[in-house]
Amino acid sequence: MKDSLLINRHIAEYLSSLEPDLPDFLEKLYQKARENRVPVIRREAQSLLRFLCLDRKPGRVLEIGTAIGFSSCFTAEFLPADSVLCTVENYEPRYIEAQDNIRAYREDYLQRKGHDSAEIHSFFSDAEAYLKELCDRCETFDFIFLDAAKAQYPVYLTYIQKLMTKDAVLLTDNLLQEGTLAESKFTVQRRDRTIHLRIREFADMLFRSGDFDSVMLPLGDGMCISRLSDKDC
Ligand SMILES: C[S@@+](CC[C@H](N)C(=O)[O-])C[C@H]1O[C@@H](n2cnc3c(N)ncnc32)[C@H](O)[C@@H]1O
């Protein structure tokens, strides 16, 4: 699987080379996803997810967009063992494959480390319906990884805002759309215009509404880190 990179390929390769090796199980799962053209978090963006998990040590994690469970397992690798990660996917074949991969990952983790990994609960649902359910149950999360249908991000964000604890971090992937988001709307292909509009709307909510503090990094396909604004600052 080839990627269009936001940064020079040599730099991306250099950044990837700095990353610690993944445990065999995760490396094989990553390679399998790439061979089967399943869009999983890119190598040079994994470092950010790893760092944030190690730094924040979140107890409750929410992932929107499971695919085949690579990022769920990758995240669990760096979470405290008593954490809980909930992840949602709406494409049934991927959800089924993710369940198998997550089960196998947790067995592998137990063998390697001698104790259970963080719990991983995967759900088969449309993300919006699932987010609404979580809000209705007044659930909250310390860390949220948003990696699903980009056009729906503005809608998801209104729910996500309610689900974030005061100090929670939101990590969003694919916000630069291989760099095309920075181009004039007139040069963007017609088929990409709606998605660009939605992503710009989402970026405005994160950067201009006053509700969030955010930083965008040209890692992977554009990763954004956000927290709820401290209105007293
Ligand atoms: C980029 S992939 C997720 C990759 C995964 N986070 C990883 O890095 O291993 C996005 C996933 O979101 C799922 N998705 C898209 N729209 C969705 C929706 N409305 N509800 C739930 N999942 C959705 C897609 O089927 C796809 O598997």
(request) Using only alpha carbon positions, build the gyration tensor of the chain, then give the equivalent ellipsoid semi-axes as the square roots of 5 times its eigenvalues, largest first, whole angstrom. (result) 26, 22, 18
(message) Please compute the contact order of the chain in relative form: average sequence separation of alpha-carbon pairs under 8 Å and at least six residues apart, divided by the residue count, as a percent.
(response) 19 percent
(request) Return P(r) of region 38-138 (all Cα-Cα pairs; 5 Å bins starting at 0; whole %; ordered from short to long distances). (result) 2, 13, 23, 23, 22, 12, 3, 1
(request) Could you compute the FRET efficiency for K132 and D211, with r as their C-beta to C-beta distance and R0 at 22 Å, rounded to 0.05? (result) 0.70
(message) If neighbour count is taken as other Cβ atoms inside 10 Å, put L22, L79, L110 in order from fewest to most.
(response) L110, L22, L79
(request) Calculate how many DSSP beta bridges within the chain are antiparallel, expressed in % of all such bridges and rounded to the nearest 5. (result) 35 percent
(message) Taking the beta-carbon count within 10 Å as an exposure proxy, list C86, C53 from fewest neighbours to most.
(response) C86, C53
(message) If neighbour count is taken as other Cβ atoms inside 10 Å, put H115, H121, H196 in order from fewest to most.
(response) H115, H121, H196
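We did not get these values from a lab; they are worked out from the coordinates using the rules stated. Worth saying up front: this structure is predicted, and the values here are computed from it rather than measured. So basically every Cβ, Gly included, is an ideal-geometry build from the backbone, and we count neighbours across all protein chains shown.
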